[in-house]
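Take a look at the structure set out below.
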Amino acid sequence: MDLITVNDVSKTYGEKESQVHALNRITLQIKKNDFVALLGPSGSGKSTLLNVISGLERADAGEIYFAKENITRYKDKQLVQFRRQYTGYIFQQYHLIPNLTVQENIEIGKYLNADSLDLDEITKELNIQHLKKRFPYELSGGQQQRVAIARALIKKPEILFCDEATGALDEENGKQVLSYLQHLQRKYGLTIVFVTHHVGIAKMARHIIKLNSGRLVDQIMNDQPLTAEEISWG
Amino acid sequence: MRNVLKFVRRDMVKNQLQVWLVLLLIAATSFIFFFIKYASDGINTEYERFAETQQQEHFAFRPNLAVFINGDTQQQIISGSSIPSRELEQLGFENLLQTYNLKLPDEEHQALSRLSGEYQFHYDEVKYKEIKEQGVLYRWIGDTGKRTVNQIYLAEGRLPASSGEIAITSNAVGMQTLQVGDELTIRGHSYEIVGRFILPDQIRQNTADGERPLYVLANPEQYALIDDIEAHYYSGRFQNGTYSGDVVRKMTEDARFAFFLPVQDNPEATELIKGIASNAGMSMIFLITLTLLCTGVFLIFLNRRLRLQQKAWGCLIAMGYPRALLINVYVINNVLLCVIGVILGLAAAYFSADLLIQQFQSQYVLPAFPKELGVNSLLMGVLVIVICFNAAAYWMLHRFMNNDTVTMLLARQKNEHVNFLTRWVSRLTVGLPFIQRVKLQMSARSIKMIVLLGITVCLSSILFILGISLNQSSSNAVEHRFKGVHYKYDIQYSEARLAQHNEDRNDYYLQKDKRLSWDGSSGIREGAKVNVLAFDGDSKWLTLVDENGKEINSKLKEGAIVHSSKAQLFGLQAGTSVQVLIGDKEVKIPIAAFCSNGDPAAFYIDKAQLTNALGISPDIYNGTFTNSPDPDPQQSGRYTMSSAESMRKEMTEQASSSQLSAVLNQILGCVIAVIMIWLITLITVEENKKNMAVLHMIGYTQREIGSMLLNVYTVIVVISYIVFTPLALFFVNYILKMVSVSTNDFIPLIYNVFTFVLVLAIILIIYYAVLFIARRFYSQPSYAVPIAAPKPPKRVDM
């Protein structure tokens, strides 16, 4: 079952000579419970595509359906509601709120859904239950990213968007974070859209979408996705 | 160096909103200071030049013959004069001299010779006659062109040559504007105005009314025809031409002067210059306050910019650029920014100062009103701003650049630490609803924001409480002043006389501006000026009441009754023994009670006790409370009659002026609060851009984000208000006390619970209003940019 359908979507920045086609007539489908990698070099349009799919930016042309709902027609308030209800976000630089404790940072996500996951359960799943009273500056990068994952997951999103989520981590921590993501995807039946320029990480995905210069250049259905431990980091 | 300069300048271009704001604040600070200084310096210089050229008096005086002439000689003089002996004995020697009925030119000449020799001054006798007609006081003088002190300056036309001609000092007389060539009718005689002149001891508003005389200069023949009592005093000037404060102080305390008024205490001579001095003082306060405010804002911006560029600075230091060079580059740019701001302000002030000068020109008398900026003022304005800004910038840069290079290079990986307050708040707020906890945590994030907000709340509270207090006290002052007043008219005579008992009136004896002294709690002799009002305590005319409204007239038999303001201002208590100096006699009396009504400057005393202590007739009087405009058969000569109704009206008008001042204070309080809260909001937005973007992406609404990250300072505002209110009360009380002492009036600090609630409500309304507008202003920030992932490499192989 398709969770997201992208139909002929284009997005352009700038004007005249400085005009850049960030997305050029992209069409694709993302299935529910899938692990999707958006792979491409810098300027390929993968982050723009992520922003457009997640309702952060509007496409100039084309349509995007989320579970048969055309979100391109949504007004701003509806888009906020859409993100609140269905999406989670993980960033490369974690972006925790520095003067809130780990628990409070996770509660930022929990507040958005009355029927959220249990905070103790999710912190236990991510092995950060002992860090709840600490502030972000007292954590390592890997720990911070796990807190960010907890913040994103606790509100029970349908789809999790990860923008270079392991880009700031070393191999050990990076693999650990990916391992948690893989595990949680299975446990909670999540759909994950993972933006990366790292080919090894992309091999963890079942569906790999390759972009270049704003165009969709290839889509690979990977029948044998690797585990986090199996991927090569170099 | 060039590359570093480029780097700094590009950073300034990148943060141009901050740079423009700082430039605007510097220009505004410079503008306000120079705007006032262009007018005040020019007028000050012109005043000094005019005072010197026209030989302005250093003091006005009359010798006290009662001191110069001993008791026996006094008796001989009295018995040898043509004045009825009973009157001579009962009025007292000093009162007789004051009435001008007893003239002793030889004795006066001898006294003048002794005083002028001792204190090294020369003097002129000033003779004048006064006529009060239709609410305007005309003071005639007839000495055209023979003065050595206070030389007449002809501003327009010529001096009067014939009997039908006059020259005048003002061009606004009552409601009428007079020009040279117009006719002026006084007591039925028409005079042609042939000139307008300026007296060096009359540098004041160019209007004349019942209080401020219109000087009318006539030729000696015309002057001789004016049928009124001639009064006289002396204008003195030190022989070396220099005003000596020390000598003047000594002369003020010398009992051989019956009347001594230094030019600096003469409101007629100093009205303009004191107005100018007050403006100049205000310009200094503005300069210092605004410079400190701007510097604070500038430091906050600079600190933020430096923190964002830590890596770049660390890189430059690692490459071998000396730290001093980097600091200098920044300081050069700041100096440049300051200089541009100051020049902009200076230029704007130069062109707009004409407005202020015209304002002075339309109100005051002086030959010219030049626009001028003194070197001292120029240096002061430029240096205070430039030094303050750059010293602060240097301090911050020095502190920043001396950080460890590696720490600077790794700055982006370093997380923001939390302060102790955040930890405390985090622990203390467990159990509160989540949003409330987040708000409190966010408010504790920055100590400097809390300090800035605290200062804002404190300043605004002072101005609002001052405004509300002024507003209430000015209304209350009128009410209290006339509480217990049962007479319709108050008549004051220029000379003392003897009463014949009359049921239709109540006579009193008034001695204005007498020095009251007592031993203070610290053992130091303290003092204040009072108007000694001696009356018989008949409550039919004036009922004095205490704080509880209880009549206390009977207490006059036990001692003096003083206005409760004196107790509050000087810490006087009932039973304190005080002394009043009247003429050459010192009257000692205890304070019997404090009244809450009547004249705040009055020192009420039993008439019989005072006359007994002074050795004069108990029937003496120079004022009358009455219900009839002419109850006194002796009501001739010079007197002023004020109805209680007109006095109340006048006070109410003055109250309106105080209320205007109150409104101005409140407006200033609002402006400060709005500017500061706007800045705090701007900085909060700047510091929270990333957090706002994150919350927006994960599904928070604008309203929720605003509530969690921007509208976080309500608690800080309330706590600051509670903490700073006692301080604000202390300051307001101090300010009002100073004003009360200097004006010899009483402006009490009036407040109640409602005042505090109202001030807090005003501050909170301003806070929410500014926040509401600021949120709309910053409602559409770019969400993607602050949290975008760094760009990965170009190539991808699979």
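This table checks each residue for (1) modelled with pLDDT of 75 or more; (2) more than 28 Å from B:I465 (Cα to Cα); (3) part of a helix (DSSP H, G or I).
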{"position": "B:D599", "(1), (2), (3)": "yes, no, no"}
{"position": "B:T611", "(1), (2), (3)": "yes, yes, yes"}
{"position": "B:S617", "(1), (2), (3)": "yes, yes, no"}
{"position": "B:P631", "(1), (2), (3)": "no, yes, no"}
{"position": "B:E645", "(1), (2), (3)": "yes, yes, yes"}
{"position": "B:V671", "(1), (2), (3)": "yes, no, yes"}
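Quick check on segment B:516-570: of everything there that is of a type in the set (A, V, I, L, M, F, W, C) and modelled with pLDDT under 90, which residue is farthest from B:G623 (Cα to Cα)?
Selected residue: B:I524.
Look at segment B:500-545 and say how many of its residues are in a strand (DSSP E or B) and either more than 27 Å from the chain's Cα centre (by Cα) or closer than 16 Å to B:A601 by Cα (or both).
Residues flagged as in a strand (DSSP E or B) and either more than 27 Å from the chain's Cα centre (by Cα) or closer than 16 Å to B:A601 by Cα (or both) within segment B:500-545 amount to 26.
Please count how many residues of segment A:189-215 are in contact with an Asp or Glu (Cβ under 9 Å, 6 or more places away or on another chain) and of a type in the set (S, T, Y).
Looking only at that region, the number is 2.
Conditions: (1) farther than 29 Å from B:L695 by Cα; (2) crowded, with 21+ Cβ neighbours inside 10 Å; (3) at pLDDT below 90. A:L216 meets all but one. Number of the miss?
(3)
A:N105 - would you say it is within 27 Å of B:T429 (Cβ to Cβ), touching a residue at least 12 places away in the same chain (Cβ under 8 Å) and under 21 Å from the mean Cα position of the chain (by Cα)?
When the stated conditions are applied, A:N105 passes them.
Can you tell me which condition A:G45 does not meet? The list is (1) farther than 17 Å from A:L211 by Cβ; (2) more than 10 Å from every other protein chain (Cβ to nearest Cβ), and all the others hold.
(1)
Given segment A:3-99, what strands (runs of 3 or more DSSP E) lie entirely inside it while holding 2 or more residues that are surrounded by fewer than 20 Cβ atoms within 10 Å (Cβ to Cβ) and among the aliphatic types (A, V, I, L, M)?
Filter on segment A:3-99 gives A:20-31.
Yes/no per residue for (1) hydrophobic (A, V, I, L, M, F, W, C); (2) at the interface with another protein chain (Cβ under 7 Å from one of its Cβ atoms):
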site: A:L50; (1), (2): yes, no
site: A:G55; (1), (2): no, no
site: A:E63; (1), (2): no, no
site: A:R73; (1), (2): no, no
site: A:N99; (1), (2): no, yes
site: A:G109; (1), (2): no, yes
site: A:L112; (1), (2): yes, yes
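So in segment B:158-175, with the set limited to residues that are assigned to a strand (DSSP E or B) and within 30 Å of the chain's Cα centre (by Cα), which one is nearest to B:P213 (Cα to Cα)?
Restricting to residues being assigned to a strand (DSSP E or B) and within 30 Å of the chain's Cα centre (by Cα), the top hit is B:V173.
So which residues in segment A:142-159 are closer than 23 Å to A:L38 by Cα and either surrounded by fewer than 24 Cβ atoms within 10 Å (Cβ to Cβ) or at the interface with chain B (Cβ under 8 Å from one of its Cβ atoms) (or both)?
Of everything in segment A:142-159, those that are closer than 23 Å to A:L38 by Cα and either surrounded by fewer than 24 Cβ atoms within 10 Å (Cβ to Cβ) or at the interface with chain B (Cβ under 8 Å from one of its Cβ atoms) (or both) turn out to be A:G142, A:R151, A:A152, A:K156, A:E158, A:I159.
Of the conditions (1) in contact with a Pro (Cβ under 9 Å, 6 or more places away or on another chain); (2) free of Cβ contacts under 8 Å to residues at least 40 places away in the same chain; (3) within 21 Å of A:N33 (Cα to Cα), A:I122 fails just one. Which one is it?
A:I122 satisfies every listed condition except (1).
Please specify each residue of segment B:24-52 satisfying the condition of being among the hydroxyl-bearing types (S, T, Y) and either assigned by TED's automatic domain parsing to the domain that holds B:L115 or touching a Leu at 6+ places or on another chain (Cβ under 8 Å) (or both).
B:T29, B:S30, B:Y38, B:Y47
Given (1) assigned by TED's automatic domain parsing to the domain that holds B:V386; (2) over 19 Å from B:A348 (Cα atoms); (3) of a type in the set (K, R); (4) under 41 Å from the mean Cα position of the chain (by Cα), where does B:R62 come up short, assuming only one miss?
Exception for B:R62: condition (1).
Okay, residues lined up against (1) among the basic types (K, R); (2) in the same structural domain as B:Y394 (by TED's automatic domain parsing); (3) more than 43 Å from the chain's Cα centre (by Cα); (4) surrounded by fewer than 17 Cβ atoms within 10 Å (Cβ to Cβ):
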position: B:L287; (1), (2), (3), (4): no, yes, no, no
position: B:L293; (1), (2), (3), (4): no, yes, no, no
position: B:N303; (1), (2), (3), (4): no, yes, no, yes
position: B:K311; (1), (2), (3), (4): yes, yes, yes, yes
position: B:M319; (1), (2), (3), (4): no, yes, yes, yes
position: B:L325; (1), (2), (3), (4): no, yes, yes, yes
position: B:L336; (1), (2), (3), (4): no, yes, no, yes
position: B:V342; (1), (2), (3), (4): no, yes, no, no
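Using the structure shown, decide if B:V712 is in a helix (DSSP H, G or I) and on the phi < 0 side of the Ramachandran plot.
It is false that B:V712 is in a helix (DSSP H, G or I) and on the phi < 0 side of the Ramachandran plot.
Within segment B:436-448, identify whether any single residue is outside any loop (DSSP other than H, G, I, E, B), outside the structural domain of B:G623 (by TED's automatic domain parsing), crowded, with 17+ Cβ neighbours inside 10 Å and without any contact (Cβ under 8 Å) to a residue 60 or more places away in the chain, and answer yes or no.
yes
How about segment B:35-62: which of its residues are more than 12 Å from B:D201 (Cα to Cα) and polar (S, T, N, Q)?
Correct list: B:S40, B:N44, B:T45, B:T53.
Could you pull out the residue among A:L131, A:L169, A:L211, A:L119 that is closer than 21 Å to B:L695 by Cβ and surrounded by 16 or more Cβ atoms within 10 Å (Cβ to Cβ)?
Being closer than 21 Å to B:L695 by Cβ and surrounded by 16 or more Cβ atoms within 10 Å (Cβ to Cβ) holds for just one of A:L131, A:L169, A:L211, A:L119, which is A:L119.
Say whether the condition of being out of contact with any Phe, Trp or Tyr (no Cβ under 8 Å at 6 or more places or on another chain), aliphatic (A, V, I, L, M) and at pLDDT 90 or above is met by at least one residue in segment B:346-362.
So far as segment B:346-362 goes, yes, one or more of its residues are out of contact with any Phe, Trp or Tyr (no Cβ under 8 Å at 6 or more places or on another chain), aliphatic (A, V, I, L, M) and at pLDDT 90 or above.
Give just the number: which of (1) over 26 Å from B:L25 (Cα atoms); (2) touching a helix residue (DSSP H, G or I) at 6+ places or on another chain (Cβ under 8 Å) does B:P726 not satisfy?
With (1) over 26 Å from B:L25 (Cα atoms); (2) touching a helix residue (DSSP H, G or I) at 6+ places or on another chain (Cβ under 8 Å) applied to B:P726, the lone miss is (2).
Quick one: B:A477 ticks every box in (1) more than 29 Å from B:G296 (Cα to Cα); (2) over 26 Å from the mean Cα position of the chain (by Cα) except a single one, so which number is it?
For B:A477, the exception is condition (2).
Which condition does A:K187 not pass, out of (1) surrounded by fewer than 23 Cβ atoms within 10 Å (Cβ to Cβ); (2) within 14 Å of chain B (Cβ to nearest Cβ); (3) more than 26 Å from A:E57 (Cα to Cα); (4) touching a residue at least 24 places away in the same chain (Cβ under 8 Å), if it passes all the others?
Against the list (1) surrounded by fewer than 23 Cβ atoms within 10 Å (Cβ to Cβ); (2) within 14 Å of chain B (Cβ to nearest Cβ); (3) more than 26 Å from A:E57 (Cα to Cα); (4) touching a residue at least 24 places away in the same chain (Cβ under 8 Å), A:K187 comes up short only on (2).
Taking the conditions exactly as written (outside any loop (DSSP other than H, G, I, E, B) and either in contact (Cβ under 8 Å) with a residue 60 or more places away in the chain or not aromatic (F, W, Y) (or both)), does A:L169 satisfy them or not?
No, not satisfied.
Got a sec? Which of B:Y751, B:Y734 is modelled with pLDDT of 75 or more, surrounded by fewer than 18 Cβ atoms within 10 Å (Cβ to Cβ) and of a type in the set (F, W, Y)?
None of the other options fit; the residue is B:Y734.
For segment B:142-157, give me each residue that is within 34 Å of the chain's Cα centre (by Cα) and closer than 30 Å to B:K103 by Cα.
Matches in segment B:142-157: B:V149, B:N150, B:Q151, B:I152.
Report those strands (runs of 3 or more DSSP E) wholly inside segment B:197-302 carrying at least 1 residues which are closer than 23 Å to B:E108 by Cα.
B:230-238, B:257-262
The values are calculated or read from the model by the stated rules, or taken from the named source; none is laboratory data. Just so we're clear, the structure is a prediction, and the values are computed from it rather than from any experiment. Every residue, glycine among them, receives a Cβ derived from its backbone with ideal geometry; neighbour counts consider all protein chains shown.
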